[in-house]
1. Does at least one position in the stretch 32-41 carry a residue that is closer than 24 Å to Phe200 by Cα, of a type in the set (A, V, I, L, M) and touching a helix residue (DSSP H, G or I) at 6+ places or on another chain (Cβ under 9 Å)?
2. So Arg74 fits all but one of (1) out of contact with any Lys or Arg (no Cβ under 9 Å at 6 or more places or on another chain); (2) among the basic types (Lys, Arg); (3) surrounded by fewer than 17 Cβ atoms within 10 Å (Cβ to Cβ); what number is the exception?
3. Between a residue in the stretch 46-70 that is within 17 Å of Glu178 (Cα to Cα) and any residue that is among the hydroxyl-bearing types (Ser, Thr, Tyr), which pairs come within a Cβ distance under 6 Å, given they are 6 or more apart or on different chains?
4. Residue check, Asp189 against (1) modelled with pLDDT of 85 or more; (2) surrounded by 18 or more Cβ atoms within 10 Å (Cβ to Cβ), all met but one. Which one?
5. Considering every residue within the stretch 63-70, establish whether at least one is over 28 Å from Asp169 (Cα atoms) and at pLDDT 95 or above.
6. I'd like to check something: does the stretch 23-36 contain any residue that is within 20 Å of Val127 (Cβ to Cβ) and surrounded by fewer than 24 Cβ atoms within 10 Å (Cβ to Cβ)?
7. Pull up the stretch 86-124, narrow it to residues that are over 13 Å from the mean Cα position of the chain (by Cα) and within 19 Å of Val185 (Cα to Cα), then point me to the one that is surrounded by the fewest Cβ atoms within 10 Å (Cβ to Cβ).
8. I need the full set of residues from the stretch 75-98 which are of a type in the set (Asp, Glu), out of contact with any strand residue (DSSP E or B) (no Cβ under 7 Å at 6 or more places or on another chain) and touching a residue at least 12 places away in the same chain (Cβ under 8 Å), in order please.
Amino acid sequence: MAVAPTHPSPTAPLALPAQPDRTGGRAIGVLLVHGFTGSPASLKPWGQALADQGYAVEVPLLPGHGTRWQDLNRVSWHDWCTEAEAAFDRLRADCEAVVVAGLSMGGSVALRLAETRGADVSGVILVNPFVASMRTELHLLPVLKHVVPALRGVANDIKKPDQDEHGYDRLPLKGLAEVTAMWKVVVPDLKLVTQPLLYFRSNDDHVIDLSSPPTILPRARRCDPRGIDQAVRHQPRTARGRRASHFPAAQASRFRHDPRPEARRRIGPGHHALA
């Protein structure tokens, strides 16, 4: 497998090869995209759990992240999508099927990949995706970003004790304006997301409000929404505190080859549902 460099730093990208002998003889990849001001550290436990089951895994470090918060005020949302797509293409080069997954803002990036790459994407998994907000102050970003460089950060709002997602302690406003600019492209094109889509939302989330589910769910054609705390219990958590378990290789392969609704409904509490 063609892999990105993997380093010991918590914020560095993660790339792990497929083990087809553990996934029914088929190489299956999963792309995991972290959230705004976060880093791969928030998804590495999830990625390692997937790799342990035989999946190829890529967890890229999105531009502007993993360094200092000021760097997020110097990049665009196109840079994030380009980096994620490069990781996706590395998986595609060696895998028969690739599922894209995103946490928070990474959900917007994953949706954009599904919109633009079509059948190349075998399925989409969203965990507390950030594609809309009821916060009225976001409407002031076009002006505020030129006056205030950053606000108090939202990283490490984690329910599980002693966790660290190695995110920024500040919320860069020019970078946040790029997030809302991405929404203006992603949301109108949600009708293009025809892949099976599994949507998880935490019952307790202090960062993402309730406006994203009604933005995505009516538009996505094949969506299976679940509450994380109900769907997956007694499982390890991601660094963000969302419950995480293992995504089943057989179900991931069916994303591409079995369009029946019951194929995606099999991913439930009795399976290794991913959250």
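The values are calculated or read from the model by the stated rules, or taken from the named source; none is laboratory data. None of the values given here were measured: they were computed from a predicted structure. Because the Cβ atoms are built from the backbone with ideal geometry, glycine has one as well, and the counts that use them run over all protein chains shown.
1. We begin by selecting, within the stretch 32-41, every residue closer than 24 Å to Phe200 by Cα; these are 32-41.
Those still in the list that are of a type in the set (A, V, I, L, M) too: 32-33, 41.
Imposing the further condition that a residue be touching a helix residue (DSSP H, G or I) at 6+ places or on another chain (Cβ under 9 Å) reduces the set to 32-33.
Yes, there is a match, as at least one residue in the stretch 32-41 is closer than 24 Å to Phe200 by Cα, of a type in the set (A, V, I, L, M) and touching a helix residue (DSSP H, G or I) at 6+ places or on another chain (Cβ under 9 Å).
2. Tallying (1) out of contact with any Lys or Arg (no Cβ under 9 Å at 6 or more places or on another chain); (2) among the basic types (Lys, Arg); (3) surrounded by fewer than 17 Cβ atoms within 10 Å (Cβ to Cβ), Arg74 fails exactly one: (1).
3. Every condition considered, the pairs that remain are His65/Ser39; Trp69/Tyr168.
4. Unmet condition: (2).
5. no
6. Start the filter on the stretch 23-36 by keeping residues that are within 20 Å of Val127 (Cβ to Cβ), which leaves 28-36.
The next check asks that each one be surrounded by fewer than 24 Cβ atoms within 10 Å (Cβ to Cβ); those that pass are none.
No, because not a single residue in the stretch 23-36 is within 20 Å of Val127 (Cβ to Cβ) and surrounded by fewer than 24 Cβ atoms within 10 Å (Cβ to Cβ).
7. Looking at residues that are over 13 Å from the mean Cα position of the chain (by Cα) and within 19 Å of Val185 (Cα to Cα), I get Gly118.
8. Quick first cut of the stretch 75-98, residues of a type in the set (Asp, Glu) only: 79, 83, 85, 89, 94, 96.
Applying the additional criterion that residues be out of contact with any strand residue (DSSP E or B) (no Cβ under 7 Å at 6 or more places or on another chain) yields 79, 83, 85, 89.
Those that are of a type in the set (Asp, Glu), out of contact with any strand residue (DSSP E or B) (no Cβ under 7 Å at 6 or more places or on another chain) and touching a residue at least 12 places away in the same chain (Cβ under 8 Å): Asp79, Glu83, Glu85.
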